[in-house]
Amino acid sequence: MIDLHLHLDGSVYPDTLIKIAKEENIKLPSYDEKELIKYLECPRNCQSLNEYLTKFDLPGLVMQTKRGLELVMYDLLKHLNEQGLKYAEIRFAPQLHLKKGLTQDEVIQAVLKGQEKAMHDFDIKSQVILCCMRGDTNHDLNLETVKLAKDYLHKGVCALDLAGAEALFKTKTFAKEFALAKEEGVPFTIHAGESDSIESIKDAIRFGAVRIGHGIRAVDEEEFMNYLAKNHIGIEMCPTSNLQTKAVHNLSEYPLRIFLKHKMLATINTDNMTVSQTTIANEFALLEKEIALTKQEKETLLRNAVEISFLSKKEKQELLKKMGLN
């Protein structure tokens, strides 16, 4: 298995959260794992992306120190390894972890330290995607993130992203960040077409995005779907999350099969494992149950994931072999 769209702060396990909170004297609403889940998971009747995003507040409390960041990353990769994943690209926004005095550089170093230790201890490969954040007062922080992505490119970091409230802060207003990324040679994916229109995706493509996070609204234009297929633009789909944020209201209208029919490089991912209470195996099981996803379609989705991953050609071949898809 492989997961290309996975947020670190949306995938903090209760045991990890409790462990760090006790070490750092952080007050939690509960110190019981089963009880704490209620504060971490988004309800199935979630009304919007903005409501969904409120579930990141609690994990953020334990991700403000080097120790906390390192442990969150290490423990997540431990869980992914136990689930049988062979490769993951894990994203986070360094600027969200500065409340106790860390710099963005120190935040990245701590996460990469956790990643390196986990890859030494477990049979899993991982890379980090650094997120810029949607907002109207954090332009300088975003530009710093871009520059740091360049500094750590091929040193544990593989790409850049733009995350946050898409409908409130339009993709087109972040042109400077991605012009700099392009200038610096940093590849990027952008969350688009989840809670905003197809124009958000088009703006991301104009910037030079090689992948799109979610990308649901691409289904609105036949010609555009053909364009994405022809230009090998990857689509990072996250079924459970897409249902919760109301990007779609039920899986009968999920455009996955339409995307595959158009030869688009669609993939299946978890987005946020604790917020959405899911795993990559659960995502595929959900699709098998609800839309009768076939074994052949599953293999196509896995091959697509390897193809659009931020790995070298040689690493992709090795991963295909490891996954039994060569």
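With the stretch 208-326 as the region, which helices (runs of 4 or more DSSP H) entirely inside it contain at least 1 residues that are among the aromatic types (Phe, Trp, Tyr) and within 25 Å of residue 42 (Cα to Cα)?
Details: elements: 222-230, 239-244, 256-261, 280-291, 295-308, 313-322.
Filter on the stretch 208-326 gives 280-291.
Any residue that is in a strand (DSSP E or B) and closer than 18 Å to residue 211 by Cβ - is there at least one of those in the stretch 173-184? It would help to see each step written out before you state the result.
Step one: list which residues in the stretch 173-184 are in a strand (DSSP E or B), which gives none.
No - not one qualifying residue is present in the stretch 173-184.
For residue 238, work out the one condition from (1) within 30 Å of residue 72 (Cβ to Cβ); (2) open to solvent by 10 Å² or more (accessible area, probe 1.4 Å) it doesn't fulfil.
(2)
Please work out which one of (1) at pLDDT below 95; (2) assigned to a loop (DSSP other than H, G, I, E, B); (3) more than 19 Å from residue 127 (Cα to Cα) is the condition residue 39 fails and give its number.
Of everything listed in (1) at pLDDT below 95; (2) assigned to a loop (DSSP other than H, G, I, E, B); (3) more than 19 Å from residue 127 (Cα to Cα), residue 39 misses just condition (2).
Just the residues that are open to solvent by 50 Å² or more (accessible area, probe 1.4 Å) and either among the acidic types (Asp, Glu) or more than 15 Å from the chain's Cα centre (by Cα) (or both), please, taken from the stretch 202-219. Give the steps one after another, and end with the answer.
Within the stretch 202-219, the subset open to solvent by 50 Å² or more (accessible area, probe 1.4 Å) is 206, 210, 217.
Once the filter is applied, which keeps residues that are open to solvent by 50 Å² or more (accessible area, probe 1.4 Å) and either among the acidic types (Asp, Glu) or more than 15 Å from the chain's Cα centre (by Cα) (or both), the stretch 202-219 yields 206, 217.
Can you tell me how many residues within the stretch 161-180 are surrounded by 14 or more Cβ atoms within 10 Å (Cβ to Cβ), among the small types (Gly, Ala, Ser) and free of Cβ contacts under 8 Å to residues at least 60 places away in the same chain?
Adding up the residues that qualify gives 0.
Can you report the number of residues in the stretch 54-94 which are open to solvent by 60 Å² or more (accessible area, probe 1.4 Å) and part of a helix (DSSP H, G or I)? Show your work before the answer.
Keep residues of the stretch 54-94 that are open to solvent by 60 Å² or more (accessible area, probe 1.4 Å), which gives 54, 57, 61, 66-67, 78, 82-83.
Now narrow it down to the ones that are part of a helix (DSSP H, G or I): 54, 57, 61, 66-67, 78, 82.
Number of matching residues: 7.
With 253, 222, 199 as the choices, which residue is surrounded by fewer than 24 Cβ atoms within 10 Å (Cβ to Cβ), over 24 Å from residue 10 (Cα atoms) and modelled with pLDDT under 95? Write out each step before concluding.
Numbers: 222 fails: modelled with pLDDT under 95; 199 fails: modelled with pLDDT under 95.
Answer to the selection: 253.
Does any residue in the stretch 138-154 that is farther than 19 Å from residue 99 by Cβ come within less than 7 Å, Cβ to Cβ, of a residue that is charged (D, E, K, R) and surrounded by fewer than 16 Cβ atoms within 10 Å (Cβ to Cβ) six or more places away or on a different chain, and which pairs are these?
Qualifying pairs under 7 Å: 146/184; 150/184.
For (1) in contact (Cβ under 8 Å) with a residue 60 or more places away in the chain; (2) surrounded by 14 or more Cβ atoms within 10 Å (Cβ to Cβ), each residue gets a yes or a no:
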{"site": "282", "(1), (2)": "no, yes"}
{"site": "305", "(1), (2)": "yes, yes"}
{"site": "308", "(1), (2)": "yes, yes"}
{"site": "312", "(1), (2)": "no, no"}
{"site": "317", "(1), (2)": "no, no"}
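In the set 132, 158, which member is open to solvent by less than 20 Å² (accessible area, probe 1.4 Å), under 21 Å from residue 2 (Cα atoms) and of a type outside the set (Lys, Arg)? Walk me through how you get there before you give the answer.
Details: 132 fails: under 21 Å from residue 2 (Cα atoms).
Testing whether each residue is open to solvent by less than 20 Å² (accessible area, probe 1.4 Å), under 21 Å from residue 2 (Cα atoms) and of a type outside the set (Lys, Arg) leaves just 158.
The values are calculated or read from the model by the stated rules, or taken from the named source; none is laboratory data. On a predicted model such as this, the values are computed, not experimentally measured, just so you know. Every residue, glycine as well, gets a Cβ built from its backbone with ideal geometry; the counts of neighbours run over all protein chains shown. Ligands, DNA and RNA are excluded from the accessible area calculation, which covers all protein heavy atoms including side chains. Shrake-Rupley method; radii C 1.70, N 1.55, O 1.52, S 1.80 Å.
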